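The block underneath contains the structure these notes are about, expressed in structure tokens.
Please treat every number below as a calculation from the coordinates, not as lab data. The structure presented is a predicted model; accordingly, all values stated were derived computationally and were not measured. Neighbour counts are summed over all protein chains in view; Cβ atoms, including those assigned to glycine, are modelled from backbone coordinates with ideal geometry.
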Amino acid sequence: MPCGDAAVAAAARLLKAGKLVALPTETVYGLAADASNPEAVRRIFEVKGRPQDNPLIVHIAALDMWEPLVRFLPERALRLAKAFWPGPLTVILPKSDNVPDVTTAGLDSVAVRMPDHACARAVIAACGLPLAAPSANLSGSPSPTSARHCLDDLSGKVPLILDGGPCAVGIESTVVSLVGAPVLLRPGAVTAGQLSEALGEQVALSEALTRPLAQGERPTSPGMKYRHYAPKAKVILVEGPLADYLKLLRRAPADAFGLVFFGEEQLAERPCVVYGAAHDPKSQARGLFAALRRLDELGARVVYARSPDPGDETMGIYNRMLRAAAFEVIVL
Ligand code: TXA
Ligand code: MG
């Protein structure tokens, strides 16, 4: 349903009644429920097939909705909110007793963000509830960046999917923990450099960003242990110059696919899906998840994916691709 006044009112009614609603945000579509209603939140885990130990992000539409969710609001948190909200940043703080354990998967902390999408904000304002909302995909598949993707995953499982058009950012929010010294748990459109600048101190990078967890190791952010963003195909991330990539693709099995930048598909001797423009991280983030879903539709079994340039701005995209590739990388 397109996200007009009637749709917003219907969504608010459903959410107040403890039901789920899929709605657009600027990052990816979310599967929302009243964060303070344990039954409703439990239903999110059930519908997504999400592991019980993976906590949810709580979405707010105004700063005064934050205070009741946390034990206290430190100066650092307010600084980040001022610099980046509404926007693609999630901030983790020690939680208050108002937040049920199921929402935070039993953790002592709660992740909160204020999305920058008129539809999401309107729905939160209309129901007056903080909304727990993970990405609106089935657990394990790439996050949805259009209402169509939500329908593909959730058709018949949720009473309402709001259509707010394609997501402007395209990868999930940056997640930073302020439980102790600032730590970046998940990179996104708000970069580590921008966070450090706003805070006036260096933000540490969680180690789990760049390597798979060892067996039995406990992640700081439980979401990072799953093979996320994964199409059904085996993905191999390829770093290096275009000419070498094209040579590699030429030697690849006949049924291999390329995941490439605009224009490169014409040079490749294998079928390709395009995910963005070379050297344009914003377009890459916008196109990545749709491209991964497209590869599934095409029945791809092996995919050689062009890596974005390394850097602060591409860290979020690289991180998603690394996970889609289950950490299998070829450096040319
Ligand atoms: O952009 C986004 O953040 C989207 C939209 C819908 O807002 N939501 C999203 O939610 O990506 P989800 O559930 O797919 O990812 C939440 C991530 C997971 O990696 C989870 O482990 C982490 O945030 N997380 C949530 N609460 C946490 C906590 N208290 N401590 C550490 N990590 C937490
Ligand atoms: Mg997710």
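Here are some notes:
- Dipole of the chain computed with +1 at Lys/Arg Cβ and -1 at Asp/Glu Cβ about the Cα centre; of CYS150, LEU178, VAL112, farthest Cα towards the positive end is CYS150.
- Ratio of Rg to Rh over the chain (Cα coordinates, Kirkwood Rh, two decimals): 0.97
- The stretch 46-67 and the stretch 289-304 have Cα centres spaced 29 Å apart.
- All other residues whose Cβ lies under 10 angstrom from that of THR27 are scored, Lys and Arg at +1 and Asp and Glu at -1, for a net of -2.
- Between LEU298 and LEU332, full extension at 0.36 nm per residue minus the direct alpha carbon distance yields a gain of 9.6 nm.
- Calculated [222 nm] ellipticity per residue, helices only, for the chain: -8500 deg cm²/dmol; basis is -39500 (n - 2.57) per DSSP H run with n ≥ 4, divided by all residues, nearest 500.
- Within the chain: Cβ-based charge dipole about Cα centre, in debye rounded to nearest 20 (Lys, Arg +1; Asp, Glu -1): 660 debye
- Dividing the Cα radius of gyration of the stretch 1-110 by 2.2 N^0.38 Å, with N the residue count, gives 1.10.
- Relative contact order of the chain, taken over Cα pairs closer than 8 Å and 6 or more residues apart, is 19 percent.
- Farthest positive-ward along the stretch 74-136 dipole, Cα basis, beta-carbon charges - from ASN98, ALA136, LEU80: LEU80
- Most mobile listed residue (LEU322, LEU199, LEU131) in the chain, GNM with C-alpha springs under 10 Å: LEU199
- Lysine pair count for the chain (Cα-Cα distance under 19 Å; residues 8 or more apart in sequence or on different chains): 7.
- Förster radius 45 Å - calculated FRET efficiency between GLU67 and ASP5 (Cβ-Cβ, nearest 0.05): 0.95
- Cα centroid separation - the stretch 242-287 against the stretch 317-332, whole Å: 14 Å
- Residues ARG286, ARG186, arranged from fewest to most other Cβ atoms within 10 angstrom of their Cβ, appear as ARG286, ARG186.
- Computed over the Cα atoms of the stretch 275-332, the ratio of the radius of gyration to the Kirkwood radius (Rg/Rh) comes to 0.94.
- Unpartnered cysteines - no second Cys beta carbon under 4.7 Å - across the chain: CYS127, CYS150, CYS167, CYS272
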